[in-house]
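Visitor: I have a structure I would like to understand better, so I am pasting it below and will then ask my questions one at a time.
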Ligand code: KIV
């Protein structure tokens, strides 16, 4: 395990003060969380994107709280010092403040998360306020919000015109006023992200495909390593093609099984002659 101290809210705000961008990645399982912790990733999002990247659904909508708790708990076990954020799935907070607080509480109590994230602007500000009033740190998510992808017209840049950008800026203000300690801006123009970051007060602005001028960056782990077969968002950078490495390994495995070059002597265990002779006697019909 790493000897890093636990990442806390004061740590994150200190990074903002120091003008040192914060690193944030999605993660859904124990071994990947372990690697992210070793690499020094500061924040981890257990995103409901796991519905697509891990469970193979076409959208994030079918993901349940129980799915999220199982994955978030595994991530917490692999990354004990990272600041772990649980992403609230579709319809686990939209219907009422009570439901939102109950499900946000599950992330904290059952999975050991440090905060939750939910999607939406002005309309979801009361949910953020209720969650924060219950003592749970909350992050808002604006711009391209995958749970509303049908209403937004697909996975595309949001807030392109001045009037649409103004609406996102107003949403950001409402979330800050409601007590969100951070806001994720996904796929909005860089200048809008910069403006919201400059105007933010006591709120950490994070960018996913929204340019370099936020307080930190988020990437989807599966996009950065070529692990999601259906598509790669244009804005994602591939830091290594793990998908290709694994595929080549799998092909080699199949070929070695067929050619009986696997297993080799070092991949299995023998038995002494005397034990084997005895075994043959014992099993003789
Ligand atoms: O679920 C997720 O991973 C997210 C990102 C798209 C920001 O919400």
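We did not get these values from a lab; they are worked out from the coordinates using the rules stated. No experiment lies behind these values; they were computed from the predicted model shown. Methodologically, a virtual Cβ is constructed for each residue, glycine included, from the backbone with ideal geometry; neighbour enumeration extends over all protein chains shown.
Visitor: Could you tell me the distance between the Cα centroids of the stretch 103-147 and the stretch 11-27, to the nearest Å?
Guide: 19
Visitor: Between the helical axis of 242-258 and the dominant principal axis of the chain, each derived from Cα atoms, what acute angle in degrees is found, rounded to the nearest 10?
Guide: Taking Cα atoms only, the helix is inclined about 20 degrees.
Visitor: Full extension from residue 266 to residue 191: what is 0.36 nm times the residue separation minus their Cα-Cα distance, to one decimal in nm?
Guide: Roughly 21.2 nm would be gained on extension.
Visitor: Continuing with this model, one more query. What do you get for the angle between helix 162-178 and the principal long axis of the chain? Use alpha-carbon atoms, 0 to 90 degrees, nearest ten.
Guide: Tilt relative to the chain: about 80 degrees.
Visitor: Within the stretch 102-124, whose backbone N sits under 12 Å from a point 7 Å along Cα→Cβ of residue 11?
Guide: Under 12 Å, as judged by backbone N against the label point of residue 11, lie 114 of the stretch 102-124.
Visitor: Oh, and also: Taking only DSSP H segments of four or more residues, each worth -39500 (n - 2.57), what value at 222 nm results for the chain once the sum is divided by all its residues, to the nearest 500 deg cm²/dmol?
Guide: Value at 222 nm, helices only: -13000 deg cm²/dmol.
Visitor: Hey, could you get me the Stokes-Einstein D for the chain, Kirkwood radius over alpha-carbon pairs, 37 °C and 0.692 mPa s, rounded to whole µm² s⁻¹?
Guide: Stokes-Einstein gives a translational diffusion coefficient of 159 µm²/s.
Visitor: Let me ask something additional. For residue 284 and residue 57, what does the FRET efficiency come to when R0 = 51 Å and r is the distance between their Cβ atoms, rounded to the nearest 0.05?
Guide: Rounded to the nearest 0.05, the efficiency is 0.40.
Visitor: For Cα pairs less than 8 Å apart in space and 6+ apart in sequence, what is the mean separation divided by the residue count of the chain, i.e. the relative contact order in percent?
Guide: Once normalised by length, the contact order is 14 percent.
Visitor: Applying 1/(1 + (r/R0)^6) with R0 = 25 Å to the Cβ-Cβ distance of residue 148 and residue 237, what FRET efficiency is obtained, to the nearest 0.05?
Guide: 0.45
Visitor: Dividing the Cα convex hull volume of the stretch 19-130 by residue count, how many Å³ per residue is that?
Guide: Residue-normalised Cα hull volume stands at 110 Å³.
Visitor: What angle do you read, to the nearest 10 degrees and between 0 and 90, between the alpha-carbon axis of helix 65-78 and the longest principal axis of the chain?
Guide: 70
Visitor: Another question about this same structure. With a cut-off of 8 Å between alpha carbons and a minimum separation of six or more residues, what is the relative contact order of the stretch 1-146 in percent?
Guide: Dividing the mean separation by the residue count of the stretch 1-146 yields 20 percent.
Visitor: Okay, moving on. Quick one: what Rg and Dmax do you get for the stretch 245-284 from the alpha carbons, in Å?
Guide: 16.3, 47
Visitor: With viscosity set to 0.890 mPa s and temperature to 25 °C, compute the Stokes-Einstein D of the stretch 96-253, Rh being the Kirkwood radius across alpha carbon pairs; µm²/s, no decimals.
Guide: It diffuses with D of about 146 µm²/s by this estimate.
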